[in-house]
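The values are calculated or read from the model by the stated rules, or taken from the named source; none is laboratory data. In this text the structure is predicted, and so the values were computed from the model without any measurement. Here the Cβ is made from the backbone with ideal geometry for all residues, glycine too, and neighbour counts use every protein chain on show. Note: accessible area is taken over every heavy atom of the protein model, side chains too, but ligands, DNA and RNA are not part of it. Shrake-Rupley method; radii C 1.70, N 1.55, O 1.52, S 1.80 Å.
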Amino acid sequence: MNIAVYPGSFDPVTYGHLDIIERASSIFDKLIVAVLENSAKKPLFTVEERKDMIKAATMSLRNVEVDYFSGLLVDYMKQNDYHIVIKGLRMLSDFEYEFQMALMNKKLNDDIETLFMMTNSKYAYLSSSIVKEIAKFNGDISELVPEYIALRLKEKLRGK
Ligand code: PNS
(Lines give C-alpha, C1' and ligand atoms only; values in the text may rest on other atoms or scores of the structure.)
Protein backbone atom coordinates (compact mmCIF):
# COMPACT_ATOMS: atom_id res chain seq x y z
CA MET A 1 0.00 0.00 0.00
CA ASN A 2 1.29 3.46 -0.95
CA ILE A 3 1.01 5.68 2.11
CA ALA A 4 1.96 9.35 2.28
CA VAL A 5 2.17 11.68 5.27
CA TYR A 6 1.15 15.34 5.05
CA PRO A 7 2.61 17.02 8.16
CA GLY A 8 1.86 20.50 9.44
CA SER A 9 0.63 22.73 12.23
CA PHE A 10 -2.87 23.15 10.73
CA ASP A 11 -3.74 25.93 13.17
CA PRO A 12 -6.39 25.84 11.71
CA VAL A 13 -6.68 23.83 8.49
CA THR A 14 -7.46 26.09 5.48
CA TYR A 15 -8.83 25.58 1.99
CA GLY A 16 -5.19 25.61 0.83
CA HIS A 17 -4.39 22.57 3.01
CA LEU A 18 -7.66 20.89 2.03
CA ASP A 19 -6.83 21.29 -1.65
CA ILE A 20 -3.47 19.51 -1.11
CA ILE A 21 -5.19 16.81 1.00
CA GLU A 22 -7.79 16.15 -1.67
CA ARG A 23 -5.25 15.98 -4.50
CA ALA A 24 -2.71 13.88 -2.56
CA SER A 25 -5.40 11.46 -1.38
CA SER A 26 -6.33 10.82 -5.00
CA ILE A 27 -2.74 9.79 -5.77
CA PHE A 28 -1.93 7.60 -2.75
CA ASP A 29 -3.79 4.63 -1.29
CA LYS A 30 -3.76 6.32 2.09
CA LEU A 31 -2.92 9.84 3.24
CA ILE A 32 -2.08 10.50 6.89
CA VAL A 33 -2.51 14.13 7.90
CA ALA A 34 -0.05 14.46 10.79
CA VAL A 35 -0.57 17.40 13.13
CA LEU A 36 2.51 18.70 14.95
CA GLU A 37 1.58 18.84 18.65
CA ASN A 38 4.21 21.10 20.18
CA SER A 39 4.87 23.62 17.45
CA ALA A 40 7.27 26.47 18.23
CA LYS A 41 4.59 28.69 16.70
CA LYS A 42 2.48 28.42 19.91
CA PRO A 43 -0.75 27.20 18.32
CA LEU A 44 -4.10 28.83 19.03
CA PHE A 45 -5.89 25.45 18.97
CA THR A 46 -4.95 22.34 20.95
CA VAL A 47 -3.78 19.34 18.97
CA GLU A 48 -7.14 17.60 19.63
CA GLU A 49 -9.06 20.62 18.33
CA ARG A 50 -6.87 20.81 15.22
CA LYS A 51 -7.32 17.08 14.60
CA ASP A 52 -11.11 17.31 15.04
CA MET A 53 -11.35 20.20 12.59
CA ILE A 54 -9.34 18.28 9.96
CA LYS A 55 -11.48 15.18 10.52
CA ALA A 56 -14.66 17.21 10.06
CA ALA A 57 -13.33 18.84 6.91
CA THR A 58 -12.12 15.58 5.33
CA MET A 59 -15.03 13.33 6.28
CA SER A 60 -15.87 12.60 2.65
CA LEU A 61 -12.33 11.41 1.85
CA ARG A 62 -12.30 7.78 2.91
CA ASN A 63 -8.56 7.16 2.58
CA VAL A 64 -7.55 10.14 4.75
CA GLU A 65 -6.56 9.56 8.38
CA VAL A 66 -5.67 12.20 10.93
CA ASP A 67 -2.90 11.64 13.45
CA TYR A 68 -0.52 13.78 15.50
CA PHE A 69 3.16 13.73 16.33
CA SER A 70 5.57 15.55 18.58
CA GLY A 71 9.31 15.85 18.18
CA LEU A 72 11.00 15.14 14.88
CA LEU A 73 8.99 14.21 11.82
CA VAL A 74 11.63 11.64 10.83
CA ASP A 75 11.13 9.80 14.14
CA TYR A 76 7.37 9.69 13.64
CA MET A 77 7.91 8.38 10.10
CA LYS A 78 10.33 5.70 11.28
CA GLN A 79 8.15 4.56 14.19
CA ASN A 80 5.24 4.01 11.81
CA ASP A 81 7.25 2.72 8.86
CA TYR A 82 6.15 5.61 6.61
CA HIS A 83 8.45 6.81 3.83
CA ILE A 84 6.78 9.57 1.82
CA VAL A 85 6.24 13.13 3.02
CA ILE A 86 3.95 15.46 1.07
CA LYS A 87 4.46 19.20 1.35
CA GLY A 88 2.58 22.01 -0.36
CA LEU A 89 4.51 24.83 -2.02
CA ARG A 90 2.91 28.23 -2.38
CA MET A 91 5.44 30.84 -3.38
CA LEU A 92 9.14 31.08 -3.97
CA SER A 93 9.41 32.25 -0.35
CA ASP A 94 8.33 28.78 0.84
CA PHE A 95 10.94 27.09 -1.27
CA GLU A 96 14.12 27.89 0.65
CA TYR A 97 12.76 26.68 4.00
CA GLU A 98 11.08 23.61 2.53
CA PHE A 99 14.22 22.72 0.57
CA GLN A 100 16.33 22.96 3.74
CA MET A 101 13.84 20.86 5.71
CA ALA A 102 13.55 18.18 3.00
CA LEU A 103 17.34 17.87 2.75
CA MET A 104 17.76 17.75 6.52
CA ASN A 105 15.04 15.10 6.87
CA LYS A 106 16.76 13.08 4.14
CA LYS A 107 20.07 13.40 5.97
CA LEU A 108 18.45 12.27 9.23
CA ASN A 109 16.73 9.34 7.53
CA ASP A 110 17.67 8.36 4.00
CA ASP A 111 14.51 6.24 3.63
CA ILE A 112 12.32 9.35 3.52
CA GLU A 113 11.34 11.06 0.29
CA THR A 114 9.70 14.49 0.35
CA LEU A 115 7.37 15.20 -2.57
CA PHE A 116 6.15 18.73 -3.26
CA MET A 117 2.77 19.65 -4.66
CA MET A 118 2.21 23.13 -6.06
CA THR A 119 -0.67 24.87 -4.38
CA ASN A 120 -3.76 25.69 -6.36
CA SER A 121 -3.13 29.28 -7.59
CA LYS A 122 -6.39 30.32 -5.86
CA TYR A 123 -4.69 29.67 -2.51
CA ALA A 124 -1.14 30.89 -3.16
CA TYR A 125 -1.61 33.78 -0.72
CA LEU A 126 -3.34 31.74 1.97
CA SER A 127 -1.90 30.71 5.34
CA SER A 128 -3.33 29.81 8.76
CA SER A 129 -1.60 32.89 10.24
CA ILE A 130 -3.31 35.21 7.75
CA VAL A 131 -6.68 33.56 8.43
CA LYS A 132 -6.21 34.08 12.20
CA GLU A 133 -5.19 37.71 11.67
CA ILE A 134 -8.27 38.45 9.55
CA ALA A 135 -10.60 36.60 11.96
CA LYS A 136 -9.16 38.54 14.89
CA PHE A 137 -10.39 41.77 13.32
CA ASN A 138 -13.73 40.30 12.21
CA GLY A 139 -12.77 40.21 8.53
CA ASP A 140 -14.44 37.88 6.04
CA ILE A 141 -12.78 34.44 6.03
CA SER A 142 -15.62 32.60 4.28
CA GLU A 143 -13.51 31.90 1.18
CA LEU A 144 -10.46 30.85 3.17
CA VAL A 145 -11.74 28.11 5.51
CA PRO A 146 -14.89 25.93 5.66
CA GLU A 147 -17.83 27.43 7.57
CA TYR A 148 -17.39 25.05 10.51
CA ILE A 149 -13.74 26.07 10.95
CA ALA A 150 -14.67 29.77 10.71
CA LEU A 151 -17.16 29.24 13.56
CA ARG A 152 -14.62 27.39 15.71
CA LEU A 153 -12.12 30.19 15.08
CA LYS A 154 -14.58 32.91 16.08
CA GLU A 155 -15.52 30.98 19.25
CA LYS A 156 -11.87 30.52 20.13
CA LEU A 157 -10.98 34.15 19.57
CA ARG A 158 -14.01 35.32 21.57
CA GLY A 159 -12.95 33.08 24.46
CA LYS A 160 -9.47 34.60 24.58
O1 PNS B 1 2.39 23.86 8.84
P2 PNS B 1 3.85 24.11 9.14
O3 PNS B 1 3.99 24.80 10.47
O4 PNS B 1 4.55 24.83 8.04
O5 PNS B 1 4.50 22.65 9.26
C6 PNS B 1 5.88 22.50 9.56
C7 PNS B 1 6.19 21.08 10.02
C8 PNS B 1 5.29 20.69 11.17
C9 PNS B 1 5.96 20.14 8.88
C10 PNS B 1 7.68 21.06 10.43
O11 PNS B 1 7.93 22.15 11.27
C12 PNS B 1 8.07 19.78 11.16
O13 PNS B 1 8.14 18.73 10.56
N14 PNS B 1 8.34 19.91 12.47
C15 PNS B 1 8.68 18.79 13.32
C16 PNS B 1 10.13 18.92 13.82
C17 PNS B 1 11.06 18.54 12.71
O18 PNS B 1 11.13 17.38 12.33
N19 PNS B 1 11.75 19.57 12.16
C20 PNS B 1 12.53 19.42 10.95
C21 PNS B 1 13.96 19.12 11.21
S22 PNS B 1 14.74 19.44 9.70
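Tell me the net charge near Asp29. Cut-off is 13 Å between Cβ atoms, Asp29 excluded, with +1 for each Lys or Arg and -1 for each Asp or Glu. Combined, the nearby Lys, Arg, Asp and Glu give +1. The packing ranking, built from the mean of other Cβ atoms within 10 Å per residue, places the peptides 106-112, 16-22, 144-150 in the order 16-22, 144-150, 106-112, highest first. Comparing Asn105, Asn63, Asn138 in a Gaussian network model of the chain (Cα springs below 10 Å), the most mobile by mean-square fluctuation is Asn138. Helical runs (DSSP H, four residues minimum) scored at -39500 (n - 2.57) apiece and divided by the length of the chain put the mean residue ellipticity at 222 nm at -13000 deg cm²/dmol. On full extension, the segment bounded by Asp140 and Ser127 gains 3.2 nm, given 0.36 nm per residue less the C-alpha separation. Modelled spin labels at Ser60 and Glu113, positioned 7 Å past Cα toward Cβ, are 3.0 nm from each other.
Within a straight-line Cα-Cα reach of under 30 Å, Lys122 can be paired with the following lysines, leaving aside sequence neighbours fewer than 8 residues apart in one chain: Lys30, Lys41, Lys42, Lys51, Lys55, Lys87, Lys132, Lys136, Lys154, Lys156. Computed with a 1.4 Å probe over protein heavy atoms only, the accessible surface of the range 100-160 comes to 69 Å² per residue. Kirkwood radius for the range 59-159, taken over all pairs of different Cα atoms as the inverse mean of 1/r, rounds to 16.2 Å. Relative to the longest principal axis of the Cα atoms of the chain, the long axis of helix 147-159 makes an angle of roughly 70 degrees. Residue ranges 49-62, 116-129 sort as 49-62, 116-129 when ordered by packing (mean number of other C-beta atoms within 10 Å per residue, highest first).
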